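Notes follow the structure.
The values are calculated or read from the model by the stated rules, or taken from the named source; none is laboratory data. Here the structure is a predicted model, which is why all the values come from computation and not from measurement. Neighbour counts are summed over all protein chains in view; Cβ atoms, including those assigned to glycine, are modelled from backbone coordinates with ideal geometry. What goes into the accessible areas is simple: the full protein's heavy atoms, side chains included, and nothing from ligands, DNA or RNA. Shrake-Rupley method; radii C 1.70, N 1.55, O 1.52, S 1.80 Å.
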Amino acid sequence: MNILIFVVLAAFAVGTAQSCGTCQTMKWATCDGTPCNCFVLVGTGEKQNLNCSTLIPKCFLMKAEMYRARKGLSTRSGGKPVESAFVDNDGIYDPDCENDGTFRAKQCNNTEECWCVNSAGVRRTDKGDKNIECAKLVETYWVRLQLTHKPVDAKIDAAKLKTAIGSAIKSRYNFKQDLVKEIQYDSDARLIIVDVKKEMGDRKTNLAQMAYYMEKDVKVLPLFNDQKKFEPMVDSQKLEMENILVYYVDEEPPTFTMKNLPGGIVAVIVVVVVVVVVGLLLLFFWKKRQLKYSKAQQREMDNM
Ligand SMILES: *[C@@H]1O[C@H](CO)[C@@H](O)[C@H](O)[C@H]1NC(C)=O
Ligand SMILES: *[C@@H]1O[C@H](CO)[C@@H](O)[C@H](O)[C@H]1NC(C)=O
């Protein structure tokens, strides 16, 4: 009997000394203690407790990433060594979070310059000084995920693709499938446009969180502990993703001054270049055909 108690106690002691588990939804988390608690460092000695049975709020994830970047820790793990942190242009900053992991409406990135964000933590006003007013956190109710996939052997069926993407999003991010409203597919461009939309006023579903996990899945490496990739299966073909662009639509339109000009100019230049190239190609083939044609004619004449 005494021996049994001793064994139980010894097991208990070992159990508390070691980590008590892994955090499935956050690979950088540490789990220890009894009862088991998982946390991620967001500052020196500053622990953010996590609920690992669900996706981690984006605000906490961004804080952890900024801390790791400051410490020179890898924000990518399992892959090749880091060239430099944050080359992904995620618009990352050190956010202020509420206790429940939602973003504070006003963000300053530890500087004197501040701006207002939406529920995805994305800036929706011009930058201002510390006195900028952000009356409330405006909710993002619609995200458009613009994905490109790697080349595949067989042609992808658009209807099956929709089912595949929907169920991949459901199982991977534990997300309601009926929020995946529409999927457009352009097989030539290997472009998949996924519209995920909730009712305005819905404060239970967090689109930003799901989109952020997917962004990391595609652009860097999964945040999930098991490092499995996001690869929807269509007809036993794995669809590997190459790139992702996320558009945010808020319940109220953003108020920043639209600075589309550079983008617009680039688009115009690209169109002009494409038109010129196509024109030159057409001319080239037309000339070649004419040449062939006249040669053929020549031969026919010679034969006669
Ligand atoms: C963790 O999240 C799950 C799923 O959303 C929830 O049921 C549970 O109550 C949460 N646990 C804590 C301690 O908040
Ligand atoms: C936030 O500050 C860091 C440096 O502390 C900088 O690298 C980053 O670009 C800033 N992000 C934004 C969105 O201003």
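Observations on the model:
- Considering only residues in segment 25-45 that are within 16 Å of ligand 2 (Cβ to nearest atom) and surrounded by 11 or more Cβ atoms within 10 Å (Cβ to Cβ), the one that is modelled with the highest pLDDT turns out to be Val42.
- For Ile92, the criteria (1) closer than 30 Å to Lys136 by Cα; (2) modelled with pLDDT of 90 or more; (3) assigned to a loop (DSSP other than H, G, I, E, B) hold in every case but one, which is (2).
- Qualifying residue in segment 17-24 (condition: within 15 Å of ligand 1 (Cβ to nearest atom), outside any loop (DSSP other than H, G, I, E, B) and at pLDDT 90 or above): no
- Among the residues of segment 174-197, those identified as without any contact (Cβ under 8 Å) to a residue 40 or more places away in the chain and out of contact with any strand residue (DSSP E or B) (no Cβ under 9 Å at 6 or more places or on another chain) are Lys176, Gln177, Asp178, Ser187, Asp188.
- Under the condition of being more than 16 Å from ligand 1 (Cβ to nearest atom) and open to solvent by less than 20 Å² (accessible area, probe 1.4 Å), the residues counted in segment 46-58 number 0.
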